[in-house]
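To start, the structure itself, in structure tokens.
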Amino acid sequence: MNKAELISKVAEDVGITKTLAGDVLNSFIRNVQESLKSGEKVTLIGFGTFTVSQRKARTGRNPQTGKKMKIPAKKVPKFAAGTAFKAMFKK
């Protein structure tokens, strides 16, 4: 499912226009991004938690030349599925 399909599905389920559903989804995404950027985590009980993790600097290898290169430290977004969400996939 891509973003357009999700917007259509939400609009159909809730009984609103696709434009409004798109605005809601875009607002959700923007607010999650802003919260993570400011260092907050976003927890949706029953679904999961969005957090930011710090990756350490490390030495890597260029696959084309084989030459060693330095990979700088950086922050990366992470998602951890909640217990109820994980339970949907158990047999």
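Any read-out appearing in this document is the output of simple, stated calculations on the displayed coordinates, not a laboratory observation. Worth saying up front: this structure is predicted, and the values here are computed from it rather than measured. Reconstructed Cβ throughout: ideal geometry from the backbone, glycine too, with neighbour counts over all protein chains shown.
A compact table of results
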| item | result |
| --- | --- |
| Calculated Rg and Dmax of segment 1-40 using C-alpha coordinates, Å | 11.8, 35 |
| Local electrostatic count at ARG61 - Lys and Arg +1, Asp and Glu -1, tallied over other residues with Cβ under 9 Å | +2 |
| Peptides ranked, highest mean first, by Cβ atoms within 10 Å: ranges 82-88, 8-14 | 8-14, 82-88 |
| Tensor-based shape of segment 42-91 (alpha-carbon gyration tensor, a/c under 1.5 rounded, otherwise prolate or oblate) | oblate |
| Cα centre as origin, Lys/Arg/Asp/Glu Cβ charges: segment 27-91 dipole, Debye | 540 |
| Gaussian network model of the chain, springs between alpha carbon atoms under 10 Å - residue of GLY39, GLY22, GLY66 with greatest fluctuation | GLY66 |
| Counted charge near SER8, where neighbours are those whose Cβ lies closer than 15 Å (Asp, Glu -1; Lys, Arg +1) | -1 |
| Selection from ASN31, ALA80, ALA11 lying farthest towards where the dipole of the chain points positive, charges on Cβ | ALA80 |
| Summed side-chain charge close to LEU25 - residues other than LEU25 whose Cβ falls under 11 Å, Lys, Arg +1, Asp, Glu -1 | +3 |
| Projected area, mean over directions - the chain, Cα convex hull, nm² | 9.6 |
| Within a Gaussian network of the chain (alpha carbon springs, distance under 10 Å), most fluctuating of ALA21, ALA57, ALA81 | ALA57 |
| Degrees, to the nearest 10: 3-14 long Cα axis against longest axis of the chain | 30 |
